[in-house]
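Student: I have a structure I would like to understand better, so I am pasting it below and will then ask my questions one at a time.
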Amino acid sequence: MGVGIQVEKLNAYFGKTQALHDINITMAANQCTAVIGPSGCGKSTFVRCLNRMHETVPDARATGRVRIGELDVYNGTSAVAIRRRIGMVFQKPNPFPTMSIYDNVAAGLKLNGFHERKKLDEIVERSLQLSALWNEVKDHLKKKSGASLSGGQQQRLCIARALAVQPEVLLMDEPCSALDPISTGKIEELIFQLKERFTIVIVTHNMQQASRVAEFTGFFLLGELIEFDKTTKIFTTPSDKRTEDYITGRFG
Amino acid sequence: MRSRFHQGLDDLRARLLRMGGLAEQAVDRACQGYIERDLARCHMVLEGETQINIAEREIDEQAFDLLAMQQPMAVDLRFILAVTKINSDLERVGDQAVNIAERVMDMVELPIADLPVDIARMAAAVSAMVRRALESFIEGKAELAQAVLEMDNVVDRMKDEAFISLVKAMNERPDITRQALDTLLVARNLERVADHATNIAEDVIFWVRGADVRHNPPPEEQPIRQSATEGR
């Protein structure tokens, strides 16, 4: 099951440059939260702070408190343990090109020392079922490489890979920006189904996508969280003029 | 910036204002036609109806295109929804003007009757409502629209008073029944125009504030939505 996410006074830096300013936000369990804003506003930095990917950039650091369920992300938990509970899907599908479809999905588990064949088979099938890819690949799981799939299939393979380690939260950083409308539709449908089991945070430049998949939306601008509310409110009657100007295309 | 889209919104606004002008003119002509028993004005109202109907279809078509092609959000989405509803109300204002003109054309065939009702006063109040509702749209000001809502009760009272007076007149003087009946229907048509002006004002408030004030819900039942648009 998904867990809630609580962020308090989160600040993020790249060297001396501050990318996020005092972000406070509470995201409910088993809901999808969309993060929107113009390029450079800090939305990707924000999600990368949730699973401590931000600190992998040289000179980057973050302060503040992030709680994923009962887990204190920045206090006493290893980054590896955190990333096991928080899956991530990136803008460009990135399957391991030399691995088969099966091995792509099983990679995270094998990396964690899990090698029980029968159990692995079960998890690979379940993950591919969850990512709505099973029917398309079940006949050549070990014959075809991940890179042989179409872009949309590759992205669903990456989702299956993230789900295989049974996370509680799924972060998606513009997961459809490289996909055609049909593949995008499949991923969006998938997000709806995955909400029953996971808490989802999605960064998107596509406001229609945010309005279609997310219950809550946060608008970031220049590293600040300008407005966070129900998606219906943000896209029909936002409270802040800056939010309205952005979503109506009056700046940016 | 989405300049093509915003140009489309400006065009839509301009079209609706032209449509508003036509509907307002139709009501004024029909009312003058009644007051002066002027058949020429009545014919102008009837002939103008086609133009209003064409404008209604064009505005709906453009609004539909903008919704489909531009996926508007927030204030722009509310604006387009409001325009489509105002468009429909304006077309019906035009229909009411035609109804009044047809009553007048019937009445001029009959002897002039001294009726205990001040249609000119009612017509002035109704025209003012339509004009102010359109002004609130032009200015994008919810407070102007709010004032229109408050005027509706005045027109309702005028219609009720006209009804009582005219029924009484029909009872007392059966020879003027047809004139009284025509006038009663004119009062009813004017009251309907006032209702459409009220609808327009409500749609302007929805556009500007994002608040649904239809059917006068008590304040505690109104959606608690404060739009960023208000007060701009």
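The values are calculated or read from the model by the stated rules, or taken from the named source; none is laboratory data. Since this is a predicted model, take the numbers as computed values, not measurements. In this analysis, Cβ positions are derived from the backbone assuming ideal geometry, glycine residues included, and neighbour counts consider all displayed protein chains.
Student: Please tell me if residue A:137 is surrounded by 19 or more Cβ atoms within 10 Å (Cβ to Cβ) and closer than 26 Å to residue A:1 by Cα. Steps first, please.
Tutor: Working: surrounded by 19 or more Cβ atoms within 10 Å (Cβ to Cβ): yes; closer than 26 Å to residue A:1 by Cα: no.
In short, no.
Student: Would you mention how many residues in the range A:169-190 are touching a Ser or Thr at 6+ places or on another chain (Cβ under 6 Å), free of Cβ contacts under 8 Å to residues at least 60 places away in the same chain and among the β-branched types (Val, Ile, Thr)?
Tutor: Residues that pass the stated criteria total 0.
Student: Just give me the residues in the range B:194-232 being away from chain A (no Cβ under 14 Å) and at pLDDT 95 or above, in sequence order. Break it down into steps so the answer makes sense when it comes.
Tutor: We begin by selecting, within the range B:194-232, every residue away from chain A (no Cβ under 14 Å); these are B:194-204, B:214-221.
Passing the criteria: B:194, B:195, B:196, B:197, B:198, B:199, B:200, B:201, B:202, B:203, B:204.
Student: Can you tell me which residue among B:29, B:57 is in contact with a Lys or Arg (Cβ under 9 Å, 6 or more places away or on another chain), of a type in the set (Lys, Arg), away from every other protein chain (no Cβ under 14 Å) and assigned to a helix (DSSP H, G or I)?
Tutor: Numbers: B:57 fails: in contact with a Lys or Arg (Cβ under 9 Å, 6 or more places away or on another chain).
Within the list B:29, B:57, the selection yields B:29.
Student: Would a scan of the range A:178-197 turn up a residue that is more than 17 Å from the chain's Cα centre (by Cα) and β-branched (Val, Ile, Thr)?
Tutor: For the range A:178-197, residues more than 17 Å from the chain's Cα centre (by Cα) and β-branched (Val, Ile, Thr): present.
Student: Here's another thing I want to ask about it. If only one of A:128, A:171, A:179 is over 24 Å from residue A:54 (Cα atoms) and outside any helix (DSSP H, G or I), which one is it? Give the steps one after another, and end with the answer.
Tutor: Working: A:128 fails: outside any helix (DSSP H, G or I); A:171 fails: over 24 Å from residue A:54 (Cα atoms).
It is A:179.
Student: Of everything in the range B:60-83, what is away from every other protein chain (no Cβ under 14 Å) and either within 23 Å of residue B:209 (Cα to Cα) or in contact with a Cys (Cβ under 7 Å, 6 or more places away or on another chain) (or both)? Give them in sequence order.
Tutor: Filtering the range B:60-83 for residues away from every other protein chain (no Cβ under 14 Å) gives B:60-65, B:83.
B:60, B:63, B:64, B:83, listed by residue number.
Student: Consider the range A:136-168. How many of its residues are closer than 16 Å to residue A:88 by Cα, free of Cβ contacts under 8 Å to residues at least 60 places away in the same chain and assigned to a loop (DSSP other than H, G, I, E, B)?
Tutor: 1
Student: Sticking with this one: Would you tally the residues in the range A:94-121 being under 17 Å from residue A:134 (Cβ atoms) and in a loop (DSSP other than H, G, I, E, B)?
Tutor: Of the residues in the range A:94-121, 1 are under 17 Å from residue A:134 (Cβ atoms) and in a loop (DSSP other than H, G, I, E, B).
Student: For residue A:171, state whether it is farther than 18 Å from residue A:32 by Cβ and modelled with pLDDT of 95 or more. Outline the logic, then answer.
Tutor: Numbers: farther than 18 Å from residue A:32 by Cβ: no; modelled with pLDDT of 95 or more: yes.
When the stated conditions are applied, residue A:171 does not pass them.
Matching residues to (1) modelled with pLDDT under 95; (2) of a type outside the set (Asp, Glu); (3) surrounded by fewer than 20 Cβ atoms within 10 Å (Cβ to Cβ); (4) out of contact with any Gly (no Cβ under 7 Å at 6 or more places or on another chain):
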site	(1), (2), (3), (4)
A:97	yes, yes, yes, no
A:102	no, yes, no, yes
A:106	no, yes, no, yes
A:110	yes, yes, yes, yes
A:114	yes, yes, yes, yes
A:117	yes, yes, yes, yes
A:122	no, no, yes, yes
A:125	no, no, yes, yes
A:131	yes, yes, no, yes
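Student: Follow-up. Report, by residue number, each residue of the range A:182-212 that is within 18 Å of residue A:50 (Cβ to Cβ) and of a type in the set (A, V, I, L, M, F, W, C).
Tutor: Hits for the range A:182-212 are A:191, A:194, A:198, A:200, A:201, A:202, A:203, A:210.
Student: Go through the range A:214-250 and give me each residue that's of a type outside the set (Phe, Trp, Tyr), in contact with a Ser or Thr (Cβ under 7 Å, 6 or more places away or on another chain), within 26 Å of residue A:189 (Cα to Cα) and part of a helix (DSSP H, G or I).
Tutor: Scanning the range A:214-250 gives A:231, A:234.
Yes/no matrix, rows are residues, columns are (1) surrounded by fewer than 15 Cβ atoms within 10 Å (Cβ to Cβ); (2) of a type in the set (Val, Ile, Thr); (3) under 15 Å from the mean Cα position of the chain (by Cα):
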site	(1), (2), (3)
B:110	yes, no, no
B:117	no, yes, no
B:124	yes, no, yes
B:127	no, no, yes
B:135	no, no, yes
B:148	no, yes, yes
B:162	no, no, no
B:182	no, no, no
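Yes/no matrix, rows are residues, columns are (1) at negative phi; (2) surrounded by fewer than 21 Cβ atoms within 10 Å (Cβ to Cβ); (3) among the charged types (D, E, K, R):
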| residue | (1), (2), (3) |
| --- | --- |
| A:15 | no, yes, no |
| A:30 | no, yes, no |
| A:37 | no, no, no |
| A:56 | yes, yes, no |
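Student: Quick check: is even one residue across the range B:95-109 more than 14 Å from every other protein chain (Cβ to nearest Cβ), of a type outside the set (A, V, I, L, M, F, W, C), closer than 18 Å to residue B:200 by Cβ and not in a loop (DSSP other than H, G, I, E, B)?
Tutor: There is at least one residue in the range B:95-109 that is more than 14 Å from every other protein chain (Cβ to nearest Cβ), of a type outside the set (A, V, I, L, M, F, W, C), closer than 18 Å to residue B:200 by Cβ and not in a loop (DSSP other than H, G, I, E, B).
Student: Within the range A:63-73, track down each residue that is surrounded by 17 or more Cβ atoms within 10 Å (Cβ to Cβ) and under 19 Å from the mean Cα position of the chain (by Cα).
Tutor: So in the range A:63-73, the residues surrounded by 17 or more Cβ atoms within 10 Å (Cβ to Cβ) come out as A:64, A:66-68, A:71, A:73.
Matches in the range A:63-73: A:66, A:67, A:68, A:71, A:73.
Student: Here is a list: A:231, A:199. Which entry is closer than 13 Å to residue A:170 by Cβ, buried (at least 18 other Cβ atoms within 10 Å of the Cβ) and hydroxyl-bearing (Ser, Thr, Tyr)?
Tutor: Working: A:231 fails: closer than 13 Å to residue A:170 by Cβ.
Criteria check complete, one pass: A:199.
Student: Just to be sure I understand, how many residues within the range A:215-252 are within 14 Å of chain B (Cβ to nearest Cβ) and touching a Cys at 6+ places or on another chain (Cβ under 8 Å)?
Tutor: Going residue by residue through the range A:215-252, those that are within 14 Å of chain B (Cβ to nearest Cβ) are A:217, A:219, A:221, A:226-227, A:229-252.
This time we only want the ones that are touching a Cys at 6+ places or on another chain (Cβ under 8 Å), so: A:221.
The number of residues fulfilling the criteria is 1.
Student: Give the residues of the range A:198-213 that are part of a loop (DSSP other than H, G, I, E, B) and either facing chain B (nearest Cβ under 7 Å) or closer than 13 Å to residue A:37 by Cβ (or both), sorted by residue number.
Tutor: Initial filter on the range A:198-213 (part of a loop (DSSP other than H, G, I, E, B)): A:198, A:204-206.
Of everything in the range A:198-213, those that are part of a loop (DSSP other than H, G, I, E, B) and either facing chain B (nearest Cβ under 7 Å) or closer than 13 Å to residue A:37 by Cβ (or both) turn out to be A:204, A:205, A:206.
Student: Hey, another quick one. In the set A:25, A:86, A:68, which member is in contact with a Phe, Trp or Tyr (Cβ under 6 Å, 6 or more places away or on another chain), on the phi < 0 side of the Ramachandran plot and among the aliphatic types (A, V, I, L, M)? Show your work before the answer.
Tutor: On the way: A:86 fails: in contact with a Phe, Trp or Tyr (Cβ under 6 Å, 6 or more places away or on another chain); A:68 fails: in contact with a Phe, Trp or Tyr (Cβ under 6 Å, 6 or more places away or on another chain).
Residue meeting the stated conditions: A:25.
Student: Tell me yes or no: at least one residue of the range B:60-73 is modelled with pLDDT of 95 or more and within 17 Å of the chain's Cα centre (by Cα).
Tutor: No, the range B:60-73 has no match at all.
Student: Next question. For the range A:173-191, does any single residue satisfy the condition of being closer than 26 Å to residue A:82 by Cβ and charged (D, E, K, R)?
Tutor: yes
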